[in-house]
Amino acid sequence: MASHGARGRSGGRPTLEEVAARAGVGRGTVSRVINGSPRVSDATRAAVEAAVAELGYVPNTAARALAANRTDAIALVVPEPETRFFAEPYFSDMLKGVGSELSDTEMQLLLIFAGSDRERQRLAQYLAAHRVDGVLLVSVHADDPLPDLLSQLEIPAVISGPRSAAESLASVDSDNYGGARSAVEHLLARGRHRIAHITGRLDVYGAQRRVDGYREALRDAGHEPDEGLIEAGDFTEEGGRRAMAELLRRRPDVDAVFAASDVTAAGAGQVLREAGRRIPDDVALVGYDDSAIARHMEPPLTSVRQPIEEMGRAMIDLLLAEIADRRPAVSRGLDRHQVVLATELVERRSS
C-alpha cells in the first residue's frame, strides 16, 4: 500500500480537508482539535491526531493567527539605554527566564529598546498598529508613559515591578522590602552600627521599597535611621562609585554599606579600596541581586538573591493567560495579579 507521507492528494502539502476526510470528521472538528478545544470527544481527538500523523499535516500558524486577529508575537520592552541592558546581569537573567518559558510555545519574542524620546514615539506607533499580542515591560520608572499607553490600547501587558502600591497593570516583582531588611539585619548581627545605604533610582518603586526596608530594620533594632548615611544611586557601577565617595566625605566613620544592586556594590567597593578601607574588616559590604558579579568580586560579595529568571517565567505565564482571554484584565474590571517572589540573603566574605 502506498504511503501518503507528507503530501496530500494534490501532491502538495496535506490540507485540513484531507485530514478531515482521513479521520471521517468535518473540517471544523479538525480545527477544534488542532486549536486545543475541549469540545471534542477523546475518540474523535484520537482519530484526528492519527490522521494528522499519517498525512504529515502541519498547521498553518500564520493563517490561524490571522483568523484570530493574532500576531503570535510578544514584545519585551526595555525603557533603558542599550548600554545598561548589556552591562547589567539583571536584564540578561530576565531575558533567559522569559525565553525559557516561551520555548514550548509558538510565540516569537521581540526585544525593543525605548530609552530615548524618539524610541518611545516609534514604539507607540508600533504598538498602536497592534503588531504584537502582548508586552512585557522591564525596568519601569514612575513617570513612564508606556504602561498607560498599553492600557489605552487594551494590549495585554505585564511589568517587572509595580510603579506604585496602586499599580493597575499585572506585575511580577521580588520582595524588595523584605530583601533590604534581611541585608540590614545581617549587618547589625555582625556588630555594624553605622550602616549606609546606596539606593537605586528612586523613581523606581522597587528602589523605594528597599529604602523602606533599610529604615525599618534599623528602627526595629532601636537605631533611628541617619539620613546622612543614605546616598542616592542609580543601580550602575559609576553611580556606586559617586555615592560611596560622597558617603566617605560626609561620614568617614561608616562601617557598613548596603548597596541596591551588585553592580552598585562593585563601584562602591572600588572606592573603598582606593581609600584604603579593607572589606570587610573596616567596612562590610552587601549587594542585591546575587548576580555573577557578586561571586566574582574579591572578596566575594554577600548579596540578596532575587529569583530573576523565575520572575521572567512568571511574567510570561501571566501574559499568556491575558492573551488567551484576548483582553487585558484591567478592561474586564478584574483584580490585577501582583506576584511577589521571595528573596534570600546569600552570605559571603564581604560582610
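Couple of notes before you dig in:
- Matching option when the condition is surrounded by fewer than 22 Cβ atoms within 10 Å (Cβ to Cβ), free of Cβ contacts under 8 Å to residues at least 12 places away in the same chain and under 19 Å from the mean Cα position of the chain (by Cα), among ASP144, ASP148, ASP173: ASP148
- Note on the stretch 242-288: residues that are β-branched (Val, Ile, Thr), touching a residue at least 40 places away in the same chain (Cβ under 8 Å) and either surrounded by fewer than 20 Cβ atoms within 10 Å (Cβ to Cβ) or in a helix (DSSP H, G or I) (or both) total 2.
- Odd one out for HIS296, checked against (1) open to solvent by 50 Å² or more (accessible area, probe 1.4 Å); (2) within 25 Å of LEU218 (Cβ to Cβ): (2)
- Considering residues of the stretch 299-331 that are of a type in the set (Gly, Ala, Ser) and crowded, with 17+ Cβ neighbours inside 10 Å only, the residue modelled with the highest pLDDT: SER303
- For the criterion of being at pLDDT 95 or above, among the small types (Gly, Ala, Ser) and under 20 Å from the mean Cα position of the chain (by Cα), ALA221 fails.
- Checking MET94 against (1) crowded, with 17+ Cβ neighbours inside 10 Å; (2) part of a helix (DSSP H, G or I); (3) more than 15 Å from the chain's Cα centre (by Cα), the condition it does not meet: (3)
- The single residue among GLY239, GLY228, GLY213 that is part of a helix (DSSP H, G or I) and under 18 Å from GLU88 (Cα atoms) turns out to be GLY239.
- Residues that are aromatic (Phe, Trp, Tyr) and in contact with a strand residue (DSSP E or B) (Cβ under 8 Å, 6 or more places away or on another chain), drawn from the stretch 171-187: none
- Residues considered: SER103, SER116. Of these, the only one that is modelled with pLDDT under 85, assigned by the TED database to the domain that holds ASP317, open to solvent by 70 Å² or more (accessible area, probe 1.4 Å) and hydroxyl-bearing (Ser, Thr, Tyr) is SER103.
- Taking the stretch 185-219 as the range and being touching an Asp or Glu at 6+ places or on another chain (Cβ under 8 Å) and open to solvent by less than 30 Å² (accessible area, probe 1.4 Å) as the test, the residues that pass are HIS186, ILE195, ALA196, HIS197, ILE198, THR199, GLY200, GLY206, ALA217, LEU218.
- Among residues of the stretch 43-55 that are in contact (Cβ under 8 Å) with a residue 12 or more places away in the chain, those with a Cβ under 9 angstrom from a residue that is of a type in the set (Ser, Thr, Tyr) and in a helix (DSSP H, G or I), sequence gap 6+ or separate chain, pair up as THR44/THR29; VAL48/THR29.
- The condition (being open to solvent by less than 30 Å² (accessible area, probe 1.4 Å), closer than 22 Å to ARG305 by Cα, of a type outside the set (A, V, I, L, M, F, W, C) and modelled with pLDDT under 85) is satisfied by just one residue among GLU88, GLU80, GLU167: GLU88.
- In the stretch 332-351, residue modelled with the lowest pLDDT [restricted to those that are assigned to a loop (DSSP other than H, G, I, E, B) and charged (D, E, K, R)]: ASP335
The values are calculated or read from the model by the stated rules, or taken from the named source; none is laboratory data. This is a predicted model, so every value here is computed, not measured. Virtual Cβ from ideal backbone geometry, glycine too; neighbours counted across all protein chains shown. The area values use the complete protein model at the heavy-atom level, side chains included, leaving out ligands, DNA and RNA. Shrake-Rupley method; radii C 1.70, N 1.55, O 1.52, S 1.80 Å.
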